[in-house]
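Nothing in this text is a laboratory measurement; each read-out follows from the coordinates by a stated rule. This one's a predicted model, so the numbers in the text were calculated from it and none came from an experiment. Counting neighbours? That spans all protein chains shown, and the Cβs are built from the backbone with ideal geometry, glycine included.
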Amino acid sequence: MHRTWKGQRQFQEIFRTNSATDGGAHDPERHRDRSVLSAPRGRTGHRSREERNVLLRNVELGDVDVYVRMRCDPVMMAELGGPLPRQGIEAKVRTDVAAATADLSWIKMIVPDPSRNDLVAGSVVLWSHESDPPGGDPISEIGWMVLPEFQGRGLAKRAVRCLLRLARDEDRWGPVHAFPGVTNGPSNGICRSVGFRLIGEQEVDFADRILRANHWVINPATDLS
């Protein structure tokens, strides 16, 4: 089955701001400040050893170079049909900063060394968008990217688990979906190890390219491993 995946369209536009909610009116006062986030503690009150050094911070206006590297590089975009145009990246960063500041989306940069806030390994993003076909409830989606020199360290898995635990602890976003390409072994492996359930394969439209993706879903309240 082929559908135009609006979540992919949003990813193409560098996680633009959207007004869809997570199933109810969002009260910013109900949530604590999360502009900088270390791994939340699990149900036992402790963090796993692998998560103790995870630091996620909100996207900032100075992250343009990282955005360019992640989205305009042929290697980074190999699973998404090739690089996106360089033009307009600054505007997309500004839009993402506004969305993160307003707490409409969780747009986090992965910081591998907490003593160096400017050193960024990649990003992890959780946002809500209209379902497809239109008319259904909005769905929540998570996506992530890690730069080549930081790959193989488990940073993406730690960042994904960290953000999903926050979603669980704040009872926000509901079931979370992910759509890695069918040939993207590392990302599919992250979905499997974190606790996502594979629904099946489907074609998605990304930047006027038809991609074959695996559709995964997780309920952070009950499924997070």
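Residues whose amide H comes within less than 5 Å of that of LEU147, counting only those at least five positions distant or on another chain, are GLY122 (H built at 1.01 Å from N in the peptide plane). Between the C-alpha center of segment 98-139 and that of segment 173-225 there is a gap of 16 Å. Converting phi to 3J(HN,Hα) with the Karplus coefficients 6.51, -1.76 and 1.60 and the offset θ = phi - 60°, segment 141-152 yields 9, 10, x, 8, 8, 10, 5, x, 5, 10, 6, x Hz in sequence order, with x at every glycine or proline. Each label point was placed 7 Å from the Cα along the Cα-to-Cβ direction; for ARG86 and GLN202 their separation is 3.6 nm. Each Cα pair under 8 Å and six or more residues apart adds its separation to the average, and for segment 163-225 the resulting relative contact order is 42 percent.
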